[in-house]
Amino acid sequence: MLDIQKVRTDFPILKREVNGYPLVYLDNAATSQTPQVVIDAIVDYYSNYNANIHRGVHTLSQEATDAYEQARQKIQLHFNAKHAHEIIFTSGTTHGINLVANGFSSLLKKGDEIIVSALEHHSNIVPWQMLCERTGAVLKVIPMNDNGELIMDVYKDLLSNKTKLVFVNHISNALGTINPIQKIIDLAHNKGAAVLIDGAQASPHIKVNLQQLNADFYVASAHKMCGPTGVGILYGKEAWLNKLPPYQGGGEMIAEVTFEKTTYADLPHKFEAGTPNICGGIAFGVAIDYMNNIGFNNIANYENELLKYATEKLLEIEGLKIYGPDVLGAKTSVISFNIEGIHPYDIGSIIDKLGIAVRTGHHCAQPIMDYFKIPGTVRASIAFYNTKEEIDKLVVAVKRAKEMLS
Amino acid sequence: MTIKEIQEEIIDEFSMFEDWMQRYEYIIDLGKSVPLIDQKYKTEDNIIKGCQSKVWLKADVKDDKIVYTADSDAILTKGIIALLLRVFSNHTPQEILNADTNFIDEIGLKEHLSPTRANGLVAMIKQLKLYAVAYQTKNN
């Protein structure tokens, strides 16, 4: 069981007011809030052991290196990767995707195929389009149905011996759909294709078991998991990471340099050129500890309860339509909705005046909006520190916006 | 009336409102009441795409003055467009280029002109000024 009152006191920002109202923060799919323990870890780092890592012989550098590498191990254990060096620190999910896309430049040839899903964030479409332009590979798209679910039969038909890489998000940021990634991975592997999963939306809600999933690559961001912005991870199977060429040149990623030849460092440093976000990596580890202390089962149960409550309450509003799967268990705590005849921007602007933070617009997923022929949606996304009272406030605010705009 | 005078008139009108609700209701009414642009001009050429809402803007010249027509798919955006057109339309290019949009701050709607809103209004004001530059250059 989750002690919601205690959990809320862990997050200082939840005490603030916005436009004269207590903040109701329902934009968790964009970024989660930060608990005090993570803020303390950031302050502790800069107050007590700020130093560059992996090269200093002095004590501070050793302490910072130890803390950073311990964070990597925590992340490895949390995601159940086989080795700590399969966890590459990145600046976030987008960076991880670009790293893989760039690495595949040298592995693809004209006529090879990459499969992505119709449920992708823009950051998940553009790197592959760029990769296809560079290599002559062809981009194929798994379509979705009216419930915002991927059509698996079409996926099976798209897969062939030409398929070299499949890229799908674990959970859709725009609709909250949980994709059947285990099936997607297994089917791709049958054809010898590698699979990259975007776990940005899944990792805050689900305890991901990478060895069980057998994904070749998996990416996530700290800032959606109660950690700081500007840091994330790319998981890659050791064999794949050894196969990919380095992404950026610089310090840390080299073993030996002469003007004739450079030998690259071993994993994970091969992909971590330059001074990394040391503090961010350490704080990410603390955030993962924090979430595990609460427990991912507790988080999932509580969030599902709130999702069910919010869905029922919002659907009582006449003309309100929710996009995405309507079955609980098929989606996580994202409610993407519109009210007939009203633009999402107008609703978002008015409820912001009432202290409620939601996201409006196309959520960087224009193809999904085009599919539904809508300019965008209002998206309320729930975290484990939200309450039923806050959902009630959302519903009251949306009703008020509807009255003003109708 | 000069642009400055129109802006002062709007500020004066808004001073009657007691809170944001009343200001928003007025903007919503403005957004609902006026057809600001002919449907046939809602074309790809005239569109300014914001992340949040779309804006269409068209400029014509009449007696050395620029007449703007514009529209948006969001009502709040459209209501603010109505205010912007009341201020900027039907003036000479020089007047338009000399004018600023500070009145939007003064009437308590500045959040709608914030670039993070990405509602198309900031881009629309830029485009509106670019038309003025273009007509001025053409006449010189």
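Things to note:
- Those helices (runs of 4 or more DSSP H) lying entirely in segment A:1-89 with at least 1 residues in contact with a strand residue (DSSP E or B) (Cβ under 9 Å, 6 or more places away or on another chain): A:59-79
- Residue in segment A:107-127 that is without any contact (Cβ under 8 Å) to a residue 12 or more places away in the chain, closer than 28 Å to A:ILE171 by Cβ and either surrounded by 14 or more Cβ atoms within 10 Å (Cβ to Cβ) or not β-branched (Val, Ile, Thr) (or both) present: yes
- When A:PHE271, A:PHE337 are screened for being closer than 26 Å to A:LEU77 by Cα and either acidic (Asp, Glu) or under 23 Å from the mean Cα position of the chain (by Cα) (or both), only A:PHE271 passes.
- Those strands (runs of 3 or more DSSP E) of segment B:1-103 in which 1 or more residues are in contact with a helix residue (DSSP H, G or I) (Cβ under 8 Å, 6 or more places away or on another chain) and without any contact (Cβ under 8 Å) to a residue 24 or more places away in the chain occupy B:54-62.
- Of the residues making up segment A:331-361, those that are part of a loop (DSSP other than H, G, I, E, B), more than 11 Å from chain B (Cβ to nearest Cβ) and of a type outside the set (Gly, Ala, Ser) number 3.
- Flag if A:GLY176 is on the phi > 0 side of the Ramachandran plot, surrounded by fewer than 24 Cβ atoms within 10 Å (Cβ to Cβ) and assigned by TED's automatic domain parsing to the domain that holds A:HIS78: no
- A count restricted to segment A:77-104 and to residues that are of a type in the set (D, E, K, R) and on the phi > 0 side of the Ramachandran plot stands at 0.
- Selection from segment A:182-205 of residues that are in contact with a Phe, Trp or Tyr (Cβ under 7 Å, 6 or more places away or on another chain) and either in a loop (DSSP other than H, G, I, E, B) or surrounded by fewer than 15 Cβ atoms within 10 Å (Cβ to Cβ) (or both): A:GLY199
- Identity of the residue in segment A:351-361, crowded, with 24+ Cβ neighbours inside 10 Å and among the aliphatic types (A, V, I, L, M), that ends up farthest from A:ILE171 (Cα to Cα): A:ILE351
- A:VAL327 falls short on exactly one of the conditions (1) more than 19 Å from the chain's Cα centre (by Cα); (2) part of a loop (DSSP other than H, G, I, E, B); (3) within 12 Å of another protein chain (Cβ to nearest Cβ), and that condition is (3).
- Residue that is modelled with the lowest pLDDT, among those in segment A:362-396 that are surrounded by fewer than 24 Cβ atoms within 10 Å (Cβ to Cβ) and within 12 Å of chain B (Cβ to nearest Cβ): A:CYS364
- Criterion applied to A:LYS237, A:LYS243 was being within 27 Å of A:GLY280 (Cα to Cα) and more than 14 Å from the chain's Cα centre (by Cα), and the one residue passing it is A:LYS237.
- Per-region count, segment A:248-284, residues in contact with a Lys or Arg (Cβ under 9 Å, 6 or more places away or on another chain), at pLDDT below 90 and either surrounded by 21 or more Cβ atoms within 10 Å (Cβ to Cβ) or assigned to a loop (DSSP other than H, G, I, E, B) (or both): 3
- The set of residues from segment B:104-121 being within 14 Å of chain A (Cβ to nearest Cβ) and touching a residue at least 60 places away in the same chain (Cβ under 8 Å) comprises B:GLY108, B:LEU109, B:ARG117, B:ALA118, B:ASN119, B:GLY120, B:LEU121.
- Answer residue from segment A:161-173, given it is in contact with a Leu (Cβ under 8 Å, 6 or more places away or on another chain) and assigned to a strand (DSSP E or B) and is surrounded by the fewest Cβ atoms within 10 Å (Cβ to Cβ) among those: A:LYS164
- Hey, A:ILE115 more than 24 Å from A:GLY361 (Cβ to Cβ) and among the β-branched types (Val, Ile, Thr) or not: yes
- Among the candidates B:LYS32, B:LYS65, the residue that is within 13 Å of chain A (Cβ to nearest Cβ) and on the phi < 0 side of the Ramachandran plot is uniquely B:LYS32.
The values are calculated or read from the model by the stated rules, or taken from the named source; none is laboratory data. Every value quoted in this text rests on a predicted model; they were computed, and no experiment measured them. Glycine gets a Cβ as well: all are built from the backbone with ideal geometry, and neighbour counts include every protein chain shown.
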